[in-house]
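First the structure, in the form of C-alpha cells, and then the observations on it.
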C-alpha cells in the first residue's frame, strides 16, 4: 500500500466535488512517484472520447487518443489526465497541435524515458487525420525512430 508521502500531490482522486475545466488547463495534471523506477515497463492510456474544436470553424472534432510511456520517477495520475483531456473540449487547435501539446505537457509533468501520443480523429469532410508524436531520452532514440517508422501506413 502507498504511504501518504507517496501520494503527495494527488488531490483529485477520490474528490467527488471536482469541477470539470471548461478551458485548456494543463495545471490540472498530477503525478505520483513510480515505485518501480528500476523496471523498464510501458503504461498505456486509451482515451476514446477526446473532443476539441476546429480553430477556424469552431466545429467539434472527436478522437480516440492513445498515450503510451515508459516512466522514470513520476507517473501521471489517471483522473487528472481525464480532466486534462476534458479541458480540450472548448480548445480550438488543429489535430496535430493537440497531439503535440498533450505530449509536451506530459513530458514536463513526468520526464518519462519515452512517450508517444496518437490521435485517431473521426473523419470530417471525408478525411481522417491520425497524428502521431513521440519523444525519448538519449537511451531511447532507437525506439523513437522505430516507432515513428512503424506508424507510417502500409497502404
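Observations on the structure shown:
- Close pairs from region 9-22: first farther than 16 Å from residue 85 by Cα, partner part of a loop (DSSP other than H, G, I, E, B), Cβ under 7 Å, at least 6 apart: 9/30; 10/30; 10/77; 11/30
- Complete set of residues in region 26-37 that are buried (at least 16 other Cβ atoms within 10 Å of the Cβ) and either part of a loop (DSSP other than H, G, I, E, B) or touching a residue at least 60 places away in the same chain (Cβ under 8 Å) (or both): 29, 30, 31, 34
- Among the criteria (1) at pLDDT 95 or above; (2) closer than 15 Å to residue 119 by Cβ; (3) surrounded by 13 or more Cβ atoms within 10 Å (Cβ to Cβ), the one residue 60 does not fulfil is (1).
- Conditions (1) at pLDDT below 95; (2) closer than 25 Å to residue 125 by Cβ; (3) exposed (fewer than 15 other Cβ atoms within 10 Å of the Cβ); number of the one not met by residue 11: (2)
- Filtering region 76-83 for residues that are farther than 26 Å from residue 2 by Cα, modelled with pLDDT of 95 or more and touching a strand residue (DSSP E or B) at 6+ places or on another chain (Cβ under 8 Å) leaves an empty set.
- In summary, residue 6 fulfils each of the numbered conditions (1) in contact (Cβ under 8 Å) with a residue 24 or more places away in the chain; (2) outside any loop (DSSP other than H, G, I, E, B); (3) under 27 Å from residue 100 (Cβ atoms) with the single exception of condition (3).
- Strands (runs of 3 or more DSSP E) fully within region 43-155 counting 3 or more residues that are without any contact (Cβ under 8 Å) to a residue 24 or more places away in the chain: 43-53
- Residues that are closer than 14 Å to residue 70 by Cβ and surrounded by 10 or more Cβ atoms within 10 Å (Cβ to Cβ), drawn from region 123-145: 134, 135, 136, 137, 139, 140, 141, 143, 144
The values are calculated or read from the model by the stated rules, or taken from the named source; none is laboratory data. Everything numeric here is computed off the predicted structure, so don't read it as measured data. Using ideal geometry, Cβ is built from the backbone for each residue, glycine included, and neighbour counts are taken over all protein chains shown.
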